Every structure is written in structure tokens, then in C-alpha cells.
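Single-structure report; data block below.
The values are calculated or read from the model by the stated rules, or taken from the named source; none is laboratory data. Not measured: the values here are computed from a predicted model. Counting neighbours? That spans all protein chains shown, and the Cβs are built from the backbone with ideal geometry, glycine included.
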Amino acid sequence: MRSHHPPSLFLLISLPLFFSFFTLQPTTSSATLIRDTCRQCSKTDPNLDYEFCTNSLESSPYSRRYSSDLHQLGLLSFNLTRHNVTSTRNFIKHLLKNNKEKKLDPYVKACLNDCLELYTEALRSIKDAEKDYKAKEYDDANIALSSVNDASTTCEDGFNEKEKVVSPLTKRNRYTFQLTVISLSIMNMLT
Ligand SMILES: *[C@@H]1O[C@H](CO)[C@@H](O)[C@H](O)[C@H]1NC(C)=O
Ligand SMILES: *[C@@H]1O[C@H](CO)[C@@H](O)[C@H](O)[C@H]1NC(C)=O
């Protein structure tokens, strides 16, 4: 997912996309770009589910407007990630706040505190990444976005380090992970 792929991999990723652009008719719907992009993304990264990708990108009310070209579609994916990271951070805060009534397991509480820190940092990073992306500074955007991706796995791993502990954030960490993979893949296609 890093930006410096050997040329062969670069071609592998960009050529099919190039041809799909080549054959686009003027009337081609935004859905085509989303499907083509998601097919490429899930081919490049087996961690990414094709259905998740299309569902996410098509979920925005701005899908049509933003999927006129790949750079725009990338912006949409950044927006989805930012909203998701914000929502997860708020959810963690909510769980920690409820601790007063419903006592959390001390280990879970410690993990949640770590995750809150990770997601606070991730929110900063996704905003930076978005700025870099808009300026077409893809290398910087890649680094910032990779740290958001790492935050989701580091958070989840914390819970998994102890037996019989269930992460209350599995689904949300997975969302963040997959959404960042979409953005990273799109940037790969643009460079
Ligand atoms: C986070 O992303 C997932 C997958 O696209 C979506 O189902 C969920 O509604 C999103 N949550 C927010 C708050 O954006
Ligand atoms: C950004 O994502 C949020 C949450 O998914 C959505 O409600 C909003 O309409 C999106 N904005 C744009 C410009 O895509």
C-alpha cells in the first residue's frame, strides 16, 4: 500500500484502469467508476472487500457528483474515513463516560483509553492527509493515511492481547481499516 511500488506492480495497477477509462462512454454512470475502482482496490489488497467498497462509496448523497473522476472519488473516500474516525472517537468517549454507571473491566478501560488516544491522533492525521491529497502531495498523504490505518489495528490488537476480552470496537476498527485501504489504493492509482 505504500506509494513506491516497483514499476511492474505500478503497471499492473494502472493499466487496467487506464483501459477502463479508455473505453468509458460519455454517458457512463458514476457507478461504473466506483465499480472499476473497487475491483482494482480489492484486487490490489485482499483485505478489502469489494462489496464493502462499492457500498461505502455509493452511500454518499454526493456519490454522483464526486465520482466524475478518480481524484474526486478519492476525496469522497477521505470524507467517509474522517466521518468514521470521528464517530468511533465519540463512541469510545461515550463508553468511557458510561463507565461511571456500568463498570468496565479495568483491562478494557485501559484499552479504550489507548484507543481514544489513537483515534484522537488519527483524526488529526486524516485531516492532514486530506489536505495533502487535495494538494496532490500523495507521498505525504500516504504517510498520514497509513498512520490512520495503523491506529485501527493497534487499537484492536490491544483487546486481543488478553484472553476472554471482547473488543467493543471490532466492527468500527474494521471500517476504519477498510476505508483507509480504499483511499490508499485510489492514491496508488493516481501516482
Ligand atoms: C462508517 O463506515 C461504514 C462503512 O462504509 C458505514 O456503514 C458506517 O455507517 C460509517 N459510519 C459513519 C458514522 O460514517
Ligand atoms: C461525507 O460523509 C458523511 C458521512 O458518511 C456524509 O453524510 C456527507 O454527506 C459526506 N459529504 C460529502 C461531501 O461527501
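Observations on the model:
- Some residue of the stretch 114-121 being farther than 18 Å from Asn90 by Cα and out of contact with any strand residue (DSSP E or B) (no Cβ under 9 Å at 6 or more places or on another chain): no
- Only helices (runs of 4 or more DSSP H) whose full extent lies in the stretch 37-148 are considered here, and the ones with at least 2 residues that are modelled with pLDDT of 95 or more and under 23 Å from Leu190 (Cα atoms) are 50-59, 70-98, 106-134.
- Residue within the stretch 97-104 that is within 13 Å of ligand 2 (Cβ to nearest atom) and loosely packed, with under 15 Cβ neighbours inside 10 Å present: no
- Boolean, Glu163 is among the charged types (D, E, K, R) and either touching a residue at least 12 places away in the same chain (Cβ under 8 Å) or assigned to a helix (DSSP H, G or I) (or both): no
- For the stretch 49-86, the set of residues classified as loosely packed, with under 14 Cβ neighbours inside 10 Å and closer than 18 Å to Leu118 by Cα consists of His83 only.
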